[in-house]
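These notes concern the structure reproduced below.
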Amino acid sequence: MPVFSVLRVALTGPESTGKTTLSRLLAEHYSTTWAPEYARYYLEQHGPGYVLADLERMAKGQLRAEQNALQAAQLQGRPLFFCDTDLLVIKIWAEHAFGICPPWILRRIEEQRYDLVLLLNVDLPWEPDPLREHPNHRQYFYDLYQRELREQMSNYAEISGTPEERLEQACFHVDTLLGKTGAWQLPASFRA
(Lines give C-alpha, C1' and ligand atoms only; values in the text may rest on other atoms or scores of the structure.)
Protein backbone atom coordinates (compact mmCIF):
# COMPACT_ATOMS: atom_id res chain seq x y z
CA MET A 1 0.00 0.00 0.00
CA PRO A 2 1.46 3.41 -0.91
CA VAL A 3 2.18 5.88 1.88
CA PHE A 4 0.15 9.08 1.60
CA SER A 5 -0.10 12.30 3.53
CA VAL A 6 -2.28 12.15 6.62
CA LEU A 7 -3.57 15.31 8.32
CA ARG A 8 -2.58 15.78 11.98
CA VAL A 9 -5.07 17.31 14.41
CA ALA A 10 -3.88 18.02 17.96
CA LEU A 11 -5.97 18.82 21.01
CA THR A 12 -4.26 21.04 23.53
CA GLY A 13 -5.00 23.16 26.56
CA PRO A 14 -4.98 23.13 30.35
CA GLU A 15 -5.86 20.22 32.60
CA SER A 16 -9.43 18.97 32.90
CA THR A 17 -10.72 20.50 29.68
CA GLY A 18 -11.87 17.25 28.05
CA LYS A 19 -8.97 16.63 25.65
CA THR A 20 -8.98 12.85 26.04
CA THR A 21 -12.74 12.49 25.75
CA LEU A 22 -12.95 14.78 22.72
CA SER A 23 -10.00 13.20 20.91
CA ARG A 24 -11.53 9.75 21.39
CA LEU A 25 -14.94 10.96 20.16
CA LEU A 26 -13.39 12.63 17.13
CA ALA A 27 -11.46 9.48 16.23
CA GLU A 28 -14.71 7.49 16.46
CA HIS A 29 -16.65 10.08 14.43
CA TYR A 30 -14.07 10.11 11.64
CA SER A 31 -13.34 6.36 11.87
CA THR A 32 -9.64 6.94 12.39
CA THR A 33 -6.84 6.60 14.92
CA TRP A 34 -5.76 8.78 17.81
CA ALA A 35 -2.63 9.09 19.92
CA PRO A 36 -3.46 8.97 23.63
CA GLU A 37 -1.68 11.25 26.09
CA TYR A 38 1.54 9.45 26.98
CA ALA A 39 2.20 11.60 30.09
CA ARG A 40 -0.87 10.15 31.81
CA TYR A 41 0.33 6.60 31.15
CA TYR A 42 3.83 7.51 32.34
CA LEU A 43 2.63 9.12 35.57
CA GLU A 44 0.29 6.22 36.29
CA GLN A 45 3.32 3.89 36.03
CA HIS A 46 5.85 6.05 37.91
CA GLY A 47 3.76 8.18 40.27
CA PRO A 48 2.89 11.87 40.25
CA GLY A 49 6.33 13.11 41.35
CA TYR A 50 8.50 14.06 38.37
CA VAL A 51 11.67 15.88 37.39
CA LEU A 52 12.65 17.52 34.13
CA ALA A 53 14.14 14.27 32.81
CA ASP A 54 10.72 12.63 33.29
CA LEU A 55 9.12 15.33 31.14
CA GLU A 56 11.65 14.55 28.42
CA ARG A 57 10.72 10.86 28.60
CA MET A 58 7.05 11.85 28.40
CA ALA A 59 7.77 14.00 25.34
CA LYS A 60 9.55 11.10 23.61
CA GLY A 61 6.67 8.79 24.51
CA GLN A 62 4.17 11.27 23.08
CA LEU A 63 6.11 11.44 19.83
CA ARG A 64 6.13 7.62 19.62
CA ALA A 65 2.37 7.52 20.27
CA GLU A 66 1.80 10.06 17.49
CA GLN A 67 4.03 8.12 15.09
CA ASN A 68 2.13 4.90 15.88
CA ALA A 69 -1.23 6.62 15.31
CA LEU A 70 0.05 8.11 12.04
CA GLN A 71 1.25 4.73 10.78
CA ALA A 72 -2.03 3.07 11.78
CA ALA A 73 -4.02 5.78 9.97
CA GLN A 74 -1.87 5.28 6.86
CA LEU A 75 -2.32 1.51 6.99
CA GLN A 76 -6.07 1.94 7.34
CA GLY A 77 -6.18 4.48 4.51
CA ARG A 78 -7.52 7.26 6.74
CA PRO A 79 -7.08 10.92 5.76
CA LEU A 80 -6.39 12.21 9.28
CA PHE A 81 -5.68 11.26 12.89
CA PHE A 82 -5.99 12.96 16.28
CA CYS A 83 -3.49 13.62 19.07
CA ASP A 84 -4.68 13.82 22.65
CA THR A 85 -2.21 16.55 23.65
CA ASP A 86 1.03 17.70 22.01
CA LEU A 87 4.54 18.85 22.89
CA LEU A 88 3.23 22.34 23.64
CA VAL A 89 1.74 20.84 26.82
CA ILE A 90 5.20 19.52 27.79
CA LYS A 91 6.79 22.92 27.01
CA ILE A 92 4.35 24.87 29.16
CA TRP A 93 4.51 22.25 31.91
CA ALA A 94 8.35 22.29 31.93
CA GLU A 95 8.61 26.08 31.93
CA HIS A 96 6.08 26.38 34.74
CA ALA A 97 7.55 23.63 36.93
CA PHE A 98 11.27 24.07 36.20
CA GLY A 99 11.66 27.46 34.51
CA ILE A 100 13.09 25.91 31.32
CA CYS A 101 12.17 23.62 28.48
CA PRO A 102 14.78 21.32 26.94
CA PRO A 103 15.99 22.79 23.62
CA TRP A 104 15.26 19.61 21.64
CA ILE A 105 11.58 19.86 22.61
CA LEU A 106 11.49 23.48 21.44
CA ARG A 107 13.06 22.41 18.11
CA ARG A 108 10.52 19.60 17.68
CA ILE A 109 7.64 22.00 18.32
CA GLU A 110 8.99 24.20 15.53
CA GLU A 111 9.53 21.26 13.16
CA GLN A 112 6.38 19.29 13.84
CA ARG A 113 3.43 21.37 12.75
CA TYR A 114 -0.15 20.22 13.00
CA ASP A 115 -2.68 20.86 10.27
CA LEU A 116 -5.13 21.96 12.95
CA VAL A 117 -4.88 22.52 16.70
CA LEU A 118 -8.01 22.55 18.85
CA LEU A 119 -7.46 24.66 21.98
CA LEU A 120 -9.92 23.55 24.66
CA ASN A 121 -11.29 26.24 26.93
CA VAL A 122 -11.52 26.03 30.72
CA ASP A 123 -15.31 26.45 30.86
CA LEU A 124 -15.89 22.82 31.91
CA PRO A 125 -15.96 22.09 35.65
CA TRP A 126 -12.70 20.91 37.19
CA GLU A 127 -12.65 17.15 37.71
CA PRO A 128 -10.32 16.13 40.55
CA ASP A 129 -7.68 13.57 39.61
CA PRO A 130 -4.53 12.60 41.53
CA LEU A 131 -2.43 13.41 38.43
CA ARG A 132 -3.79 16.95 38.02
CA GLU A 133 -2.08 19.85 39.74
CA HIS A 134 -3.55 23.28 39.11
CA PRO A 135 -7.32 23.63 39.61
CA ASN A 136 -7.06 27.37 40.28
CA HIS A 137 -4.69 28.26 37.43
CA ARG A 138 -6.56 26.99 34.40
CA GLN A 139 -7.29 30.44 32.92
CA TYR A 140 -3.65 31.42 33.38
CA PHE A 141 -2.54 28.31 31.49
CA TYR A 142 -5.22 28.78 28.83
CA ASP A 143 -3.85 32.26 28.15
CA LEU A 144 -0.34 30.79 27.80
CA TYR A 145 -1.53 28.21 25.26
CA GLN A 146 -3.39 30.85 23.30
CA ARG A 147 -0.35 33.15 23.22
CA GLU A 148 1.97 30.31 22.14
CA LEU A 149 -0.35 29.23 19.32
CA ARG A 150 -0.64 32.82 18.08
CA GLU A 151 3.13 33.31 18.18
CA GLN A 152 3.66 30.06 16.28
CA MET A 153 1.07 31.23 13.75
CA SER A 154 -0.65 27.87 14.16
CA ASN A 155 -3.89 27.00 12.45
CA TYR A 156 -5.92 26.72 15.63
CA ALA A 157 -9.51 27.01 16.80
CA GLU A 158 -10.80 27.62 20.30
CA ILE A 159 -13.33 25.06 21.51
CA SER A 160 -15.73 25.72 24.39
CA GLY A 161 -19.15 24.89 25.78
CA THR A 162 -20.75 21.65 26.84
CA PRO A 163 -19.20 18.34 25.74
CA GLU A 164 -21.82 18.13 22.96
CA GLU A 165 -21.06 21.69 21.79
CA ARG A 166 -17.34 20.95 21.86
CA LEU A 167 -17.79 17.93 19.62
CA GLU A 168 -19.97 19.94 17.22
CA GLN A 169 -17.45 22.82 17.06
CA ALA A 170 -14.51 20.46 16.63
CA CYS A 171 -16.27 18.59 13.81
CA PHE A 172 -17.00 21.88 12.08
CA HIS A 173 -13.31 22.84 12.14
CA VAL A 174 -12.16 19.37 11.08
CA ASP A 175 -14.72 19.34 8.25
CA THR A 176 -13.42 22.75 7.17
CA LEU A 177 -9.88 21.37 7.23
CA LEU A 178 -11.03 18.48 5.07
CA GLY A 179 -12.68 20.92 2.68
CA LYS A 180 -16.18 19.73 3.47
CA THR A 181 -19.36 21.44 4.58
CA GLY A 182 -22.06 19.91 6.70
CA ALA A 183 -21.80 16.37 8.02
CA TRP A 184 -18.68 14.64 6.77
CA GLN A 185 -18.50 11.01 5.79
CA LEU A 186 -15.44 9.04 4.78
CA PRO A 187 -15.26 8.58 1.02
CA ALA A 188 -15.97 5.00 -0.12
CA SER A 189 -12.29 4.55 -1.00
CA PHE A 190 -11.33 5.15 2.67
CA ARG A 191 -13.93 2.90 4.28
CA ALA A 192 -12.83 -0.44 5.67
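The values are calculated or read from the model by the stated rules, or taken from the named source; none is laboratory data. These numbers come from a predicted model, not from an experiment. As a convention, Cβ positions derive from the backbone with ideal geometry for all residues, glycine included, and neighbour counts pool all protein chains shown. These accessible areas exclude ligands, DNA and RNA; they are computed on the full protein's heavy atoms, side chains included. Shrake-Rupley method; radii C 1.70, N 1.55, O 1.52, S 1.80 Å.
Computed quantities for the displayed model
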quantity: Pair list, Cβ under 9 Å, 6 or more apart: region 47-69 residue under 16 Å from P103 (Cβ atoms), other residue polar (S, T, N, Q) and surrounded by 13 or more Cβ atoms within 10 Å (Cβ to Cβ); calculated: L63/Q112
quantity: Test: residue in region 19-26 that is part of a loop (DSSP other than H, G, I, E, B), of a type in the set (S, T, N, Q), within 20 Å of K91 (Cα to Cα) and open to solvent by less than 50 Å² (accessible area, probe 1.4 Å); calculated: no
quantity: For Q139: the one exception among (1) open to solvent by 30 Å² or more (accessible area, probe 1.4 Å); (2) at pLDDT 95 or above; (3) not in a loop (DSSP other than H, G, I, E, B); calculated: (2)
quantity: Scope region 46-69; condition more than 22 Å from F81 (Cα to Cα) and either exposed (fewer than 13 other Cβ atoms within 10 Å of the Cβ) or touching a strand residue (DSSP E or B) at 6+ places or on another chain (Cβ under 8 Å) (or both); matching residues; calculated: H46, G47, P48, G49, V51, A53
quantity: Evaluation of S16 against (1) farther than 26 Å from Q146 by Cα; (2) out of contact with any strand residue (DSSP E or B) (no Cβ under 8 Å at 6 or more places or on another chain); (3) not in a helix (DSSP H, G or I) (one fails), failing number; calculated: (1)
quantity: Breaking point among (1) free of Cβ contacts under 8 Å to residues at least 40 places away in the same chain; (2) surrounded by 14 or more Cβ atoms within 10 Å (Cβ to Cβ); (3) outside any helix (DSSP H, G or I), for R78; calculated: (1)
quantity: Residue within region 35-45 that is open to solvent by 30 Å² or more (accessible area, probe 1.4 Å), farther than 22 Å from L144 by Cα and basic (K, R) present; calculated: no
quantity: Total residues in region 163-173, condition free of Cβ contacts under 8 Å to residues at least 24 places away in the same chain and farther than 24 Å from R113 by Cβ; calculated: 3
quantity: Criterion: closer than 30 Å to Y50 by Cα and either modelled with pLDDT of 85 or more or surrounded by 15 or more Cβ atoms within 10 Å (Cβ to Cβ) (or both) - qualifying residue of V174, V117; calculated: V117
quantity: Unique match (being farther than 28 Å from L178 by Cβ, modelled with pLDDT of 95 or more and under 17 Å from the mean Cα position of the chain (by Cα)) among L70, L106, L63; calculated: L106
quantity: I159, sole failed condition from (1) under 29 Å from E44 (Cβ atoms); (2) open to solvent by 40 Å² or more (accessible area, probe 1.4 Å); (3) modelled with pLDDT of 95 or more; calculated: (2)
quantity: Looking only at region 1-18, and only at residues there that are modelled with pLDDT under 95 and of a type in the set (G, A, S), the one that is surrounded by the most Cβ atoms within 10 Å (Cβ to Cβ); calculated: G13
quantity: Flag for V89 being outside any helix (DSSP H, G or I) and at pLDDT below 95; calculated: no
quantity: Close pairs (7 angstrom Cβ cut-off, 6 or more residues apart or separate chains): on the phi > 0 side of the Ramachandran plot in region 9-22, part of a helix (DSSP H, G or I) anywhere; calculated: G13/K19; G13/Y142; G13/Y145; G18/P163; G18/R166
